[in-house]
Amino acid sequence: MLSYLASETSEAYLKKMKKMYAIDVNQLGALEWVLVIAGTFATIVSTIALVYWLYKMILFLWQVKLAKANLNDSKFWKRMGIALAIIMLFVTSGMFAILEGIFNVLGKMGWTM
């Protein structure tokens with residue numbers, strides 16, 4: 001008996017929350033200039049990060065050539081691999097694909113936009 005009451009209450013609560021916190025798409029259209037500026041900033045930062053990553057890689061290989069660093073430095077390779085993965089996630093717009101997946105799952109759960 002109580003489980004029915006709890007599920008009925010939660011469904012009513014969820015319907016009310018979906019109506020109260022629905023995103024108005026028309027408002028997002030008015031803020032297009034913010035998205036353009038944010039995209040430009042993200043592109044510049046991603047490019048700078050990639051150039052810095054290449055600089056650090058070339059510097060490390062130069063130090064290996066001069067015998068000041070070891071090519072088998074696993075800590076360096078792990079750090080550089082993770083950094084490259086993060087940079088590529090932003091450069092290739094993989095972050096937007098992840099966000100799109102999240103919004104699709106929320107849409108299937110009943111959240112409307």
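The values are calculated or read from the model by the stated rules, or taken from the named source; none is laboratory data. What you are looking at is a predicted structure, and each value in this text was computed from that prediction instead of being measured. Neighbour counts run over all protein chains shown; Cβ positions are idealised from the backbone, glycine included. Remember, those area values only see protein heavy atoms, side chains included, never the ligands or the DNA or RNA. Shrake-Rupley method; radii C 1.70, N 1.55, O 1.52, S 1.80 Å.
Each part gets one Cα centre, and for region 83-97 versus region 34-66 those centres are 13 Å apart. Backbone geometry of region 78-83 corresponds, through the Karplus equation with coefficients 6.51, -1.76 and 1.60 at θ = phi - 60°, to 3J(HN,Hα) couplings of 5, 4, 5, x, 5, 4 Hz, x marking Gly and Pro. The distance between label points at residue 68 and residue 84 comes to 2.2 nm (points 7 Å beyond Cα on the Cα→Cβ vector). Show which lysines lie in cross-link reach of residue 15 when reach means a straight Cα distance below 20 angstrom and same-chain residues fewer than eight apart are skipped. The qualifying lysines are 108. Remark: spin-label model distance residue 103-residue 35 equals 0.7 nm, labels positioned 7 Å along the Cα→Cβ axis. Among 33, 53, 77, the sequence by solvent-accessible area, most first, with a 1.4 Å probe is 33, 77, 53. What does the charge count near residue 79 come to, summing +1 for each Lys or Arg and -1 for each Asp or Glu among other residues with Cβ under 12 Å from its Cβ? Every neighbour counted, the sum reads +2. Here is the list for region 41-98: trypsin sites (Lys or Arg not before Pro) lying in DSSP coil, each with at most 12 other C-beta atoms within 10 angstrom of its C-beta, are 68.
Note on residue 61 and residue 16: the model spin-label points, each 7 Å out from Cα along the C-beta direction, lie 6.3 nm apart.
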